[in-house]
Amino acid sequence: MISEENSKQASKHKKHADIGRPSFGNFGRNEWAIVGAPCSTIKLLADAIIKALSPVYKCAYVDTTHNDDITVSPGRLESGAVLDYTDQVNYRQLNYKETFNAFKLRETFAGADIILVNGNHHQAKAQVVIISESKRASLQKRVDQLNNVQLILVADDEADVFDFIKDAVPNWNDLPVYRLDETEKIVSFFENKLKAAKPKLNGLVLAGGKSERMGLDKGGINWHGKGQRYYMADMLKSFCNDVFISCRAEQQGEIDDEYVCLPDTFIGLGPFSAILSAFRERPDDAWLVVACDLPLLGEGSLNYLIENRDSSAIATAYQSSFDNFPEPLITIWEPKSYPVLLSFLAQGYSCPRKVLINSDIALLNAPAPEELTNVNTPEELEKVKSILGQKVISA
């Protein structure tokens, strides 16, 4: 028999860890089901939107095979293969045998900025409703799916929004209502939605290293009147919504109470730990990650990185003038990089630079390459002290 005390303890027990979940729909973060018109009309509308947005945003489309399409399994799937990959030179074709559940779909569409969905076959987090007399009955059957209508399009031959739509969507009169042929207005609607959905930017100062080569804590070195981890955190405050100092769990007591620390929850992976821990905390935010061993770094370099940020890529980084590879520790990591980082970890890689080299990123030339100088050894420390001293004298 369970005692009252044990029963209370059991009620407090959580079977699963309480971690942040990305704000996904059925396919991704920004998805709209287009419903209320024949499939051919939906496809043409989706094509027009994608053509207009694709130079800036990564667009995706979801549909279902129709009766007039070929339904025989393609390629080697017909012979029993579970996967069939073909490099078609201009594009890659990947056919799956397995059924895609919501988890697999989100993984597959993780890189897309916008996902347009044929609402006659699939549901999505938000909806675009087309008012077309030919699909009135079909739309009325799906009225329960209209839980987040954001745009109404009226076909040329229709004069008013259906009464059952007005009843199902109480705020319909506050929504934009365009004619179906007003393509520019429709594209502008999606552009504004995507701009508004741009992930907010947080700052993360990497100060969890053991500084073994330096022989003393690099985050505590006083280059500019205070410990470098605090100097960097203060600099980031001008550019970021929130700023955190990344550290190992045992370091938390060493961080000044004025600053918010974010201890590693992925252990033993160096900077990779810090980046993953940040995304675990806030998976829908972007992170401006800066190492604490860059004493020459100034606001100009940070501002240039942010001004040229490409939120459609998984990251925006500077190219190293030393080896021409991306600099992973002064980089803006977008939310879509989180599953990519985890994928590399699952394959046995914990190097942020390797992720950047092998992924879709925006790579910039630093306006002041010398500001990306790392200080990891006593010899490098003395060299940078000399540079900073000369700057002070010249100033």
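The values are calculated or read from the model by the stated rules, or taken from the named source; none is laboratory data. Fair warning: this is a prediction, and the values are worked out from it, not measured in the lab. Here the Cβ is made from the backbone with ideal geometry for all residues, glycine too, and neighbour counts use every protein chain on show. Remember, those area values only see protein heavy atoms, side chains included, never the ligands or the DNA or RNA. Shrake-Rupley method; radii C 1.70, N 1.55, O 1.52, S 1.80 Å.
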Exercise. Examine segment 204-218 for a residue that is at pLDDT 95 or above and within 28 Å of residue 303 (Cβ to Cβ), and state whether such a residue exists.
Key: yes
Quiz item: If we scan segment 124-135, do we find a residue that is within 30 Å of residue 340 (Cα to Cα), assigned to a loop (DSSP other than H, G, I, E, B) and open to solvent by 80 Å² or more (accessible area, probe 1.4 Å)?
Solution: no
Quiz item: What number of residues in segment 136-158 are of a type in the set (Gly, Ala, Ser) and either under 28 Å from residue 24 (Cβ atoms) or open to solvent by 30 Å² or more (accessible area, probe 1.4 Å) (or both)?
Solution: 2
Exercise. Look at residue 115 and say whether it is under 21 Å from residue 194 (Cα atoms), open to solvent by less than 20 Å² (accessible area, probe 1.4 Å) and in contact with a Gly (Cβ under 8 Å, 6 or more places away or on another chain).
Key: yes
Quiz item: Does segment 328-346 include one or more residues that are more than 21 Å from the chain's Cα centre (by Cα) and of a type in the set (Asp, Glu)?
Solution: no
Exercise. Pull up segment 73-85, narrow it to residues that are at pLDDT 90 or above and open to solvent by less than 50 Å² (accessible area, probe 1.4 Å), then point me to the one that is farthest from residue 116 (Cα to Cα).
Key: 81
Quiz prompt | Condition check for residue 10: in contact with a helix residue (DSSP H, G or I) (Cβ under 9 Å, 6 or more places away or on another chain) and either at pLDDT 95 or above or not in a loop (DSSP other than H, G, I, E, B) (or both) | solution = no
Quiz item: Regarding residue 342, is this residue in contact (Cβ under 8 Å) with a residue 60 or more places away in the chain, part of a strand (DSSP E or B) and not aromatic (Phe, Trp, Tyr)?
Solution: no
Quiz item: When the residues of segment 320-341 are filtered to those that are over 21 Å from residue 201 (Cβ atoms) and out of contact with any Asp or Glu (no Cβ under 6 Å at 6 or more places or on another chain), which remaining residue is most open to solvent (accessible area, probe 1.4 Å)?
Solution: 322
Quiz item: Do the conditions hold for residue 70, that is, is it modelled with pLDDT under 95, loosely packed, with under 12 Cβ neighbours inside 10 Å, in a loop (DSSP other than H, G, I, E, B) and touching a helix residue (DSSP H, G or I) at 6+ places or on another chain (Cβ under 9 Å)?
Solution: no
Self-check item: Hits in segment 127-180 - residues which are farther than 19 Å from residue 44 by Cα, in contact (Cβ under 8 Å) with a residue 60 or more places away in the chain and touching a Leu at 6+ places or on another chain (Cβ under 9 Å)
Solution: 146, 150
Quiz prompt | Failed item, numbered, when residue 343 is tested on (1) touching a Phe, Trp or Tyr at 6+ places or on another chain (Cβ under 8 Å); (2) at pLDDT 95 or above | solution = (1)
Quiz prompt | Residue satisfying all of: in segment 93-123; of a type outside the set (A, V, I, L, M, F, W, C) and in a strand (DSSP E or B); nearest to residue 42 (Cα to Cα) among these | solution = 118
Practice problem: For residue 349, indicate whether it is modelled with pLDDT of 95 or more and part of a helix (DSSP H, G or I). | Solution: no
